[in-house]
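Participant: My questions all concern the structure below.
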Amino acid sequence: MSRKRRVLVAGLAVLGMAGAVGTGSAMAQDKAANPKEAHVTGDAWLKYPGDSEYPYRRFVVDAHGGPWKFVNGKMVMGAARGTVRFDHYSPDEPGGPSKHHWGWIKVDYVMASGPIAVVSGIRQDDEHGIPPNQKRANLTFYQSPRGHKYDRMGFSWGVVFPQCQQMGSGPAPFSTASSGPFGKWLKGYTVKDAPLTLPSGEFQPPDNPADCSFADE
């Protein structure tokens, strides 16, 4: 097993943290090197435990793809497409009437194993003034074997620090499925996993993530 492949198996290259795994010419990757596509789809109201007054969040997900791909022998992190739309049903001002507040995420990463998936992408809701270091959004989905009323979901701007999220990381799915503010259950989440196929031969590791600041601006 080559040194570069050992790094991938250890997880360093997958995390984009393989700083120096050697250089040299990259061998052509066969089609099996690119993971098969996973899929996460569905629509559910969630009850977010971090907001007792206005806890309802709705997430509509349509995400397909994998965690990485190879381009000319180089691993490129992010090989997915799709969208996640989300709604926070709450008033604009305390005591006012609740209304829908929609935003959306452009998906670029999906990894799913069994009933659990991580979906990542870039938030597009610029009108809400999202700082640049909080644009990366990571979402987790759990399809319960007991039925969709027991599905769970987590998002990276609740309970955890939203700054400087890295592709593929994600919180525990801390929000439970709910009938929402209108008492109507939605269809829940469906996770279709895909086995990861490790590449064979030599390859160039992915680039390190861009530097990120925890400053507010």
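The values are calculated or read from the model by the stated rules, or taken from the named source; none is laboratory data. What you see is a predicted model, and the numbers here were worked out from it, not measured in a lab. Because the Cβ atoms are built from the backbone with ideal geometry, glycine has one as well, and the counts that use them run over all protein chains shown. Quick note on the areas: whole protein, heavy atoms, side chains included, nothing else; ligands and nucleic acids left out. Shrake-Rupley method; radii C 1.70, N 1.55, O 1.52, S 1.80 Å.
Participant: Going by what's in this entry, would Asp151 be described as of a type in the set (Asp, Glu) and surrounded by fewer than 24 Cβ atoms within 10 Å (Cβ to Cβ)? Working first, answer last.
Facilitator: Values: of a type in the set (Asp, Glu): yes; surrounded by fewer than 24 Cβ atoms within 10 Å (Cβ to Cβ): no.
No; evaluated as a whole, the condition is false for this residue.
Participant: Here's a follow-up. Just one of Ala112, Ala117, Ala210, Ala194 is small (Gly, Ala, Ser) and closer than 23 Å to Asp87 by Cα; which is it?
Facilitator: On the way: Ala112 fails: closer than 23 Å to Asp87 by Cα; Ala210 fails: closer than 23 Å to Asp87 by Cα; Ala194 fails: closer than 23 Å to Asp87 by Cα.
Result of the check over Ala112, Ala117, Ala210, Ala194: Ala117.
Participant: Which ones in region 76-99 are within 15 Å of Pro55 (Cα to Cα), without any contact (Cβ under 8 Å) to a residue 60 or more places away in the chain and assigned to a strand (DSSP E or B)?
Facilitator: Listed by number, the residues that qualify are Asp87, His88, Ser90, Pro91, Lys99.
Participant: Could you say which residue among Gly24, Gly11, Gly16, Gly78 is farther than 18 Å from Gly168 by Cα and either open to solvent by less than 70 Å² (accessible area, probe 1.4 Å) or modelled with pLDDT under 90 (or both)?
Facilitator: Gly24
Participant: Can you work out which of the residues in region 105-124 that are in contact (Cβ under 8 Å) with a residue 60 or more places away in the chain and among the β-branched types (Val, Ile, Thr) is surrounded by the fewest Cβ atoms within 10 Å (Cβ to Cβ)? Don't jump to the end; show me each part of the working.
Facilitator: Here is the first cut: in region 105-124, the residues in contact (Cβ under 8 Å) with a residue 60 or more places away in the chain are 110-117, 119.
Next cut, among the β-branched types (Val, Ile, Thr) only: 110, 116, 119.
Working: Val110: 31, Ile116: 18, Val119: 32.
So the residue we want is Ile116.
Participant: Please find, within region 62-75, the residue that is farthest from Tyr189 (Cα to Cα) out of those that are open to solvent by 10 Å² or more (accessible area, probe 1.4 Å) and at pLDDT 95 or above.
Facilitator: His64
Participant: Still on this structure, I have one more. Could you pull out the residue among Phe141, Phe161, Phe182, Phe174 that is buried (at least 22 other Cβ atoms within 10 Å of the Cβ) and among the aromatic types (Phe, Trp, Tyr)? Reasoning before the result, please.
Facilitator: Numbers: Phe161 fails: buried (at least 22 other Cβ atoms within 10 Å of the Cβ); Phe182 fails: buried (at least 22 other Cβ atoms within 10 Å of the Cβ); Phe174 fails: buried (at least 22 other Cβ atoms within 10 Å of the Cβ).
Only one candidate passes the filter, namely Phe141.
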